[in-house]
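This report concerns only the one structure given below.
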């Protein structure tokens with residue numbers, strides 16, 4: 001049975017919206033760098049647009065978190081879906097750097113396999129109450145699996161523009177724009193699903209979301225550690241990994257799309273294992289001892305002289321890299337009181353987005369002067385540092401089921 005026994009209809013709806021967003025993100029994030037390069041943007045400009053996406057996501061997530069006790073989560077999600085439609089329409093119709101930079105900042109486009117948008121913490125706050133405590137990690141695993149699995153198919157679809165342009169004799173940039181239009185259409189479907197949510201819709205539900213008080217100290221410690229991890233991850237967001245593979249090994253978009261299909265499939269399937277590991281070894285040890293090998297493979301990929309070796313290590317990395325995600329999400333929700341979950345989800349997400357926003361600009365600058373995998377090397381080292389600190393500080397902290 002795919003869904004845990006205690007799963008509610010709202011949880012199933014949120015898992016479906018996560019799958020649709022994963023499909024859209026997987027599709028456009030892989031060819032985003034190729035499209036921006038086709039428009040004539042430099043590596044630094046591409047890095048700046050990716051940075052704008054991450055900073056904008058952080059700002060809007062922070063605003064949503066601060067207002068979580070006054071605004072219903074369903075309304076936040078509906079507005080975010082409309083903003084997603086605006087983002088797709090903007091990238092489909094505008095080619096100027098500064099206008100795209102602005103749309104990247106205010107929009108919802110996600111440059112990586114991991115969700116860094118306003119959707120994630122808002123959906124998590126609802127999802128945490130849509131299953132029993134014993135099923136919470138399993139439910140978050142299904143939620144993350146849906147995004148990763150459909151993100152894999154989206155990545156595979158990213159090779160279509162070259163084939164379509166060649167077969168129909170269209171310009172490649174027109175086909176890319178059609179892909180962004182597809183992203184906007186997905187947003188309308190998602191908005192329609194959010195309207196049907198039963199929870200998080202009334203003023204009473206909104207007022208029950210309190211700002212951080214009881215859990216402020218533990219959330220602050222977790223937030224600092226997650227920010228370090230995200231800073232390292234910002235060096236290797238998908239759009240920049242694509243750019244590195246283009247420059248380092250001169251791979252085609254079709255090949256790169258197939259590579260990212262493989263990485264996301266491995267990431268998706270691995271998340272089915274993580275709840276069982278968390279039950280046996282505890283959430284913190286599961287997060288750390290699956291994440292360290294992933295970061296080590298990332299560092300090794302930077303040193304590889306040929307594309308097959310680098311790709312093999314990237315595939316190995318993704319077999320482990322996302323196993324910590326559902327465990328981390330469930331862990332945060334379980335160490336805070338129920339009424340503070342919305343604020344905690346936002347507060348732990350915002351610094352992650354801000355920290356990861358700084359590194360793409362640095363990575364883009366590094367790739368402009370060298371094809372060597374410096375971003376991979378630096379990102380992997382920072383992530384290993386995060387794992388060690390997390391283990392030292394939280395290895396004895398067990399989740400307190402406060403629901």
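Some notes on this structure:
- Verdict on residue 113 being at pLDDT below 80, closer than 26 Å to residue 355 by Cβ and either touching a helix residue (DSSP H, G or I) at 6+ places or on another chain (Cβ under 8 Å) or buried (at least 24 other Cβ atoms within 10 Å of the Cβ) (or both): yes
- Any hit, region 280-296, residues being under 18 Å from the mean Cα position of the chain (by Cα) and surrounded by fewer than 18 Cβ atoms within 10 Å (Cβ to Cβ): no
- Unique match (being closer than 24 Å to residue 266 by Cβ and touching a residue at least 24 places away in the same chain (Cβ under 8 Å)) among 352, 280: 352
Conditions tested, residue by residue: (1) buried (at least 24 other Cβ atoms within 10 Å of the Cβ); (2) farther than 29 Å from residue 347 by Cβ; (3) over 19 Å from the mean Cα position of the chain (by Cα).
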site: 27; (1), (2), (3): yes, yes, no
site: 54; (1), (2), (3): yes, no, no
site: 96; (1), (2), (3): no, yes, yes
site: 108; (1), (2), (3): yes, no, no
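- Selection within region 202-255 - under 27 Å from residue 390 (Cα atoms), assigned to a helix (DSSP H, G or I) and modelled with pLDDT under 80: 216
- Selection from region 297-323 of residues that are farther than 19 Å from residue 260 by Cα and either in a helix (DSSP H, G or I) or touching a residue at least 40 places away in the same chain (Cβ under 8 Å) (or both): 303
- From 77, 100, residue being surrounded by fewer than 24 Cβ atoms within 10 Å (Cβ to Cβ) and part of a helix (DSSP H, G or I): 100
The values are calculated or read from the model by the stated rules, or taken from the named source; none is laboratory data. Here the structure is a predicted model, which is why all the values come from computation and not from measurement. Note that we place each Cβ from the backbone using ideal geometry, even for glycine, and neighbour counts take in every protein chain shown.
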